[in-house]
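Taking it in order: structure first as structure tokens, then the write-up.
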There are 2 protein chains.
Amino acid sequence: MTRAAVILLSGGLDSATVLAMAREQGFVCHALSFRYGQRHGVELQAARKVAEAIGTASHRIVDVDLRAFGGSALTDDGIAVPRGRDAAEMSEGIPVTYVPARNTLFLSYGLALAEVMNARSIFVGANAVDYSGYPDCRPEYLQAFETMANLATRMGVEAKGDDERVRIQAPIVSLSKADIIREGVRLGVDYSLTWSCYDPQPAKDGPRACGGCDSCQIRRKGFVDADVVDPTRYIST
Amino acid sequence: MTRAAVILLSGGLDSATVLAMAREQGFVCHALSFRYGQRHGVELQAARKVAEAIGTASHRIVDVDLRAFGGSALTDDGIAVPRGRDAAEMSEGIPVTYVPARNTLFLSYGLALAEVMNARSIFVGANAVDYSGYPDCRPEYLQAFETMANLATRMGVEAKGDDERVRIQAPIVSLSKADIIREGVRLGVDYSLTWSCYDPQPAKDGPRACGGCDSCQIRRKGFVDADVVDPTRYIST
């Protein structure tokens, strides 16, 4: 039996790896991306390339109007994206790049699509190691969402046995960035297609990664730690 | 201390009553409505009138693209809205008017707005009596959402004590339609402003309620049971 799954695909390194993992497990993958007013809209172009390269049965981009709400450096032009923070600073509290209820919203859209597609698995690239400051990247949160999802939906309520329950699959939640990259390399993920930077910089040959935001720093260090050549085009190296 | 609350306001009878209840409890109310491709878009006009009449600090209408997903008679033109079903039929299983993960999506937007507004209460007009077939109107679902919400958000994680926890408030979840109407009448809700019909019928003087869909039938019976004059303009009576 082929099993369908919904994959939340941001265009970043993490969710690209998760898509490749779901494909390896034999899932027919329906990718779901979000245009939520993020500064780094270039990541949606990355999502398209990644979906095509790894292979999905469908790919939807949904408009989510979070700008109207504000409250995050990723969606609010009035809040600056921090640069050049060290590891200690990054691990302190919840960063300004936290978008209120973002994963809850995205998983909810994933749940709606899963129900329509009769997919019982929703894959998400949440990671509690690098993003320890984001409450909605933690395993206890994901577990609570899964419990809620099974009470929320027709498929959850009518599920007969564990096989039919809704599952929030976060296969990289406890992996280091280096381990994620190693897994992706094993699966043939082309990381040059992915985009991580929160603060893209214009360049003649298209946007380049800033190299200094939290996300760039975590990505760079991941490639170094994994001993894999970093294919990212940074504005300066 | 004035407390802020987010109110999910559909324009229907239930959420109008809930808004009035939240106002009576002293909450500063931020109303949130959704344009989700529903056939009965006229309910958004009703939501505006209700918000104005009862009084809100703000009222946002968010676009939620559920039509791209399909799967419900309320958003998919290919699925007919049932008419003239009796109570036994209505109470059987999950109706085709169920919209996949709708309340989960709406509550997630409510949670995002609540976090930006620093509101700890999200009021929702969910009702498990009339809508026993909708999984996402049941108290156990709402409880699970609340648990998840407190793990999902900065305000939930940082809450000091019960007062600061996120609360999903569903004050009419166990009330009969007649009791809801009686409560609304006590609070001065003008039900002529509200809209319930799933299948609006064109008429010279603006859309009228069909009178036969589940929602119309439940509403009509509610006014009869409450012994209150029904101000709804039906296409035929």
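Conditions tested, residue by residue: (1) surrounded by fewer than 24 Cβ atoms within 10 Å (Cβ to Cβ); (2) farther than 27 Å from B:R35 by Cα.
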residue	(1), (2)
A:T17	no, yes
A:Q25	yes, yes
A:C29	no, yes
A:A53	yes, yes
A:A57	yes, yes
A:V62	yes, no
Here are A:S192, A:S121, A:S108: which of them is more than 15 Å from A:I7 (Cα to Cα) and among the hydroxyl-bearing types (S, T, Y)? A:S192
With respect to A:T153, determine if the residue is closer than 19 Å to B:T104 by Cβ and surrounded by 15 or more Cβ atoms within 10 Å (Cβ to Cβ). yes
Listed by range, helices (runs of 4 or more DSSP H) wholly within segment A:130-202 having at least 2 residues that are under 27 Å from A:I235 (Cα atoms) and away from every other protein chain (no Cβ under 11 Å) are A:177-186
Residues of segment B:172-202 being charged (D, E, K, R) and surrounded by 19 or more Cβ atoms within 10 Å (Cβ to Cβ), which ones? B:K177, B:E183, B:D199
Please count how many residues of segment A:203-221 are of a type in the set (K, R), within 11 Å of A:Y234 (Cβ to Cβ) and surrounded by fewer than 20 Cβ atoms within 10 Å (Cβ to Cβ). 2
Only one of these is within 12 Å of chain B (Cβ to nearest Cβ) and at pLDDT 90 or above: A:S108, A:S121. Name it. A:S108
For a quick check of your reading of the model, give me the residue pairs whose first member lies in segment A:146-163 and is over 12 Å from B:P100 (Cβ atoms), whose second is β-branched (V, I, T), with beta-carbon atoms closer than 6 Å and at least 6 apart or on different chains. A:E146/A:I168; A:N150/A:V166
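The values are calculated or read from the model by the stated rules, or taken from the named source; none is laboratory data. Quick caveat, the model's predicted, so the values are computed rather than measured. So basically every Cβ, Gly included, is an ideal-geometry build from the backbone, and we count neighbours across all protein chains shown.
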